[in-house]
Every structure is written in C-alpha cells, then in structure tokens.
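A.B. asks: Provided herewith is a single structure, encoded as structure tokens, for subsequent inquiry.
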Amino acid sequence: MSNYNWCHGPNCHTIQTQSRVRGSGDNKVLRTIKIKDGGSYRTHERYSMFNYFCNQSCLMDYIREHLQEIVKIAPRSKALETPIKVEKEKYESYRYRYTDNGHTREPYQATRTTIKSVDNDNG
Ligand SMILES: [Zn+2]
C-alpha cells in the first residue's frame, strides 16, 4: 500500500528549490515533490487535491496542460439554473446631505433586494 503520491504538476521537477534537490556530487537533480499521506495540514481531507499537488502552482500547471481532457470528463453543454425568489423590501435609511456648514442626516425609503432559495420539489 502506497502512502505517498508524487506531485502531479508537470513542471514540479523543474522548480529550483532546495526541497527538490536529490543526488550527490555531479549527479544532482531536481525531483518531483513527494507528498506523504497526511503529511501536511493540506492533506487532512482524504480526497483533497493537495494529496496530489504540492502547491497551487503545480495544480494550475496540471489543469492548464490537461484542460481539454478534464472538461471532457464532465462536459457542460447547457446552462444550469437554480430556482430563486427575489424579494424587494423597503426600509428606513438615512443619507447625508453636504452643505457649506457640514452635513445633515436625512431619512429616506431605501430598497433592499435579497435573493432567497426556494424548494424545487414541485419542479
Ligand atoms: Zn509540485
């Protein structure tokens, strides 16, 4: 049972950090980062993407390189919709009128627009 993954970032092994240097003498290399299972706070979630990528930059490199294949896995051929209710509600507010002597506070009717979820049981 393997308890680590190699970072899937396509350029991970080219980034010049001390943590990637392996080998000795004239045989040194930059190596892909090894991600130990649960070895990082970012891997707490079992299926976290950071079990497969050492950082966000490697994740984005992977998405850029494989974008067409990735979107083919779950294509979106039409827009999705979420039923909502838009409520407009009037309320008392104040605005400031600026004058030569400073400002005055004046009441006015303001409108607040709120988007609310609705049950979509009855389609
Ligand atoms: Zn990486």
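The values are calculated or read from the model by the stated rules, or taken from the named source; none is laboratory data. In this text the structure is predicted, and so the values were computed from the model without any measurement. Note that we place each Cβ from the backbone using ideal geometry, even for glycine, and neighbour counts take in every protein chain shown. Side chains included, ligands, DNA and RNA excluded: accessible areas come from the protein's heavy atoms. Shrake-Rupley method; radii C 1.70, N 1.55, O 1.52, S 1.80 Å.
A.B. asks: Would you confirm, using the coordinates I've provided, whether Arg31 is within 23 Å of Asn3 (Cβ to Cβ), open to solvent by 90 Å² or more (accessible area, probe 1.4 Å) and at pLDDT 95 or above?
C.D. replies: The answer is yes for Arg31.
A.B. asks: Mind counting the residues in segment 76-107 that are open to solvent by 90 Å² or more (accessible area, probe 1.4 Å), touching a strand residue (DSSP E or B) at 6+ places or on another chain (Cβ under 8 Å) and more than 25 Å from Val118 (Cβ to Cβ)?
C.D. replies: 7
A.B. asks: Is at least one residue of segment 67-75 in contact with a helix residue (DSSP H, G or I) (Cβ under 7 Å, 6 or more places away or on another chain) and surrounded by 10 or more Cβ atoms within 10 Å (Cβ to Cβ)?
C.D. replies: Yes, segment 67-75 contains at least one residue that is in contact with a helix residue (DSSP H, G or I) (Cβ under 7 Å, 6 or more places away or on another chain) and surrounded by 10 or more Cβ atoms within 10 Å (Cβ to Cβ).
A.B. asks: Looking at His8, His13, can you tell me which residue is in a helix (DSSP H, G or I) and modelled with pLDDT of 95 or more?
C.D. replies: Residue meeting the stated conditions: His13.
A.B. asks: Can you find a residue that is at pLDDT below 90 and outside any loop (DSSP other than H, G, I, E, B) anywhere in segment 51-59?
C.D. replies: Yes, the conditions are met somewhere in segment 51-59.
A.B. asks: Restricting attention to segment 43-96, report how many residues are within 16 Å of the ligand (Cβ to nearest atom) and farther than 30 Å from Thr32 by Cα.
C.D. replies: Total satisfying the criteria: 0.
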